[in-house]
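Quick note: the coordinates plus some simple rules give every number you see, no bench work behind them. Keep in mind that what you see is a predicted model, and the values were worked out from it rather than measured. For neighbour counting, all protein chains shown are included, and Cβ atoms are generated from backbone atoms with ideal geometry for every residue, glycine included.
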Ligand SMILES: Cc1cc2nc3c(=O)[nH]c(=O)nc-3n(C[C@H](O)[C@H](O)[C@H](O)COP(=O)(O)O)c2cc1C
Ligand code: SF4
Ligand code: FES
């Protein structure tokens, strides 16, 4: 499967190049563009990013695998990041996790999502859902379907 | 307790994140005043105010600014990198600034760039903050349209899930399109480097404090806080507390008064058992230690802890300290960048050992082994991540050893 950036993304890349001292800086922005465009990052996309960033493909791959938010394979289920770090744990994230694990979802154990004051919390499609209870988790998921 | 709102002044206004509301309440007022001062004079004001970095370390801010090359003819332009990685567990203050008063940050960036002679600022934001990044980007767009960014560009750079990228040199590696691996520290004092350009890294809250100081003068800032820890901080509470959240207070405030006044005390009327003062890397304290403690760098240091980011994690009498340590070590194990062997191997090892104790499969030797591994992680690594893990382990065993022994 070959990969090409959408025209919109190509324009973004050109605009971003002017904002950085080196094209290599565009590695993370390009990876994000691919993630949103395709839902995951394929090896073909990595080679394409390598051209735009003037970086060896292997290096782009090394970078993509370092950061936990990039998917390197297509996702067939909805991804739900559930925070399991201390403040959330103290406020009951274990029950939320146990409840979510029973569902047909791709559950990711996230580290602190920066919503410790409104724990427990989960993130779906870039949005934090806070003050979770078993009841409102079900409502949130239903509303998203 | 004295209310003092320096950074959080506009937080509760309706539509506080818009340019109109910001300007109606004094936003960008300092930009006119800025012309009265030379860059060096601005640095002096910050120095007189003794502003200290609010990203966790508390280092004097002016000292870092002074390292930036002052001659504007320098062949390599300088940069500012604003640290909005905010990944230290228990910390959620920078997020309040970028979502409630992003124009305050932008104003601070403009002053800072003027002082250090930078024409471009990057804001490195953690990938999980996309929802707040959009608010910040909208504010930057507004500022561009209003002609406020004619002299200085601002670009948001999004991370993608790696705690270690909050460490300033790892942040710059990440911004260069690499893995977020901290760099070896230079022997002498020098700026940070971004593609070979001198670069200043400061925390979001630090930069957002600058407008107040430039507008009102160093003495106005020093009117709050203590002699050595002047001013205020966006302290925060989470865990077993009635009203968790972020509330600005001056340094030197009594910790228990803060928790009772703003936090409404311990949840469900329980007793306090333990507290982590400013993000998990600070180590744990007992209720007795906290009783007469004040919220400033010196007080925390004097009991062998640190103020960190000011994000307190509160634990009630029913909390199992073994499982708390296990939870923290899982975090470290997950987040070690893997460059240094003692850290990469050590974080996995200690996590496993405490897991064993928690599952009641441990022996007395395991506690000794835990302390032994902790010791090997202290002082032999590229960054202070591993030494922090070591310190945290020791703080738990020293204070709650009986609980670990009971679990055997
Ligand atoms: C492991 C580690 C993680 C860090 N994470 C952050 C962070 O998320 N945000 C931050 O502002 N500083 C963080 N720091 C501190 C930065 O290295 C740096 O000192 C700080 O951003 C400087 O800004 P300041 O002087 O304004 O505080 C971290 C340091 C270490 C060692
Ligand atoms: S101490 Fe740990 S986090 Fe820091 S550079 Fe070494 S391996 Fe990476
Ligand atoms: S601990 Fe869960 S959001 Fe911080």
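Below are the figures for this structure:
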quantity: Antiparallel %, DSSP beta bridges [both residues in chain B], to 5; calculated: 50 percent
quantity: Projected area, mean over directions - region A:79-144, Cα convex hull, nm²; calculated: 3.7 nm²
quantity: Globularity ratio of region B:232-316, using Cα Rg and 2.2 N^0.38 Å; calculated: 0.94
quantity: Rounded to 5, the percent of DSSP beta bridges in chain A classed as antiparallel; calculated: 50 percent
quantity: For region B:87-170, convex hull volume per residue from C-alpha positions, Å³; calculated: 94 Å³
quantity: Region B:331-408: Rg to Rh, with Rh as the Kirkwood radius over Cα pairs; calculated: 0.97
quantity: Percent antiparallel among DSSP beta bridges (both partners in region B:19-222, rounded to 5); calculated: 20 percent
quantity: Radius of gyration, Dmax [region A:7-66; alpha carbons; angstrom]; calculated: 10.5, 29
quantity: Ranked B:157, A:99, A:109, criterion: other C-beta atoms within 10 Å, fewest first; calculated: A:109, A:99, B:157
quantity: Per-selection Rg to Rh, region B:264-379 - Cα, Kirkwood hydrodynamic radius; calculated: 1.00
quantity: Alpha carbon centroid spacing (whole Å) that separates region B:197-218 from region B:63-109; calculated: 7 Å
quantity: Crossing angle, helix B:204-216 versus chain B [Cα axis fit, 0-90 degrees, rounded to tens]; calculated: 50 degrees
quantity: Using alpha-carbon coordinates, inclination of helix A:57-66 to the longest axis of chain A, degrees; calculated: 10 degrees
quantity: Kirkwood Rh and Cα Rg combined as Rg/Rh, chain B; calculated: 0.98
quantity: Computed over the protein assembly as shown, Cα set: Rg, Dmax in Å; calculated: 23.1, 69
quantity: Listed residues B:155, B:18, B:199, most fluctuating in chain B (Gaussian network, C-alpha, under 10 Å); calculated: B:155
quantity: Using alpha-carbon coordinates, inclination of helix B:385-406 to the longest axis of chain B, degrees; calculated: 30 degrees
quantity: Three-way shape label, region B:32-144, alpha-carbon gyration tensor, a/c 1.5; calculated: prolate
quantity: Average other protein chain Cβ within 10 Å of Cβ, residues B:172-180; calculated: 6
quantity: Taking N as its residue count, the alpha carbon Rg of region B:19-222 over 2.2 N^0.38 Å; calculated: 0.96
quantity: Rg ratio (alpha-carbon, reference 2.2 N^0.38 Å) - region B:1-78; calculated: 1.41
quantity: Alpha-carbon Debye profile of region B:152-256, log10 I(q)/I(0) at 0.12, 0.15 Å⁻¹; calculated: -0.65, -0.93
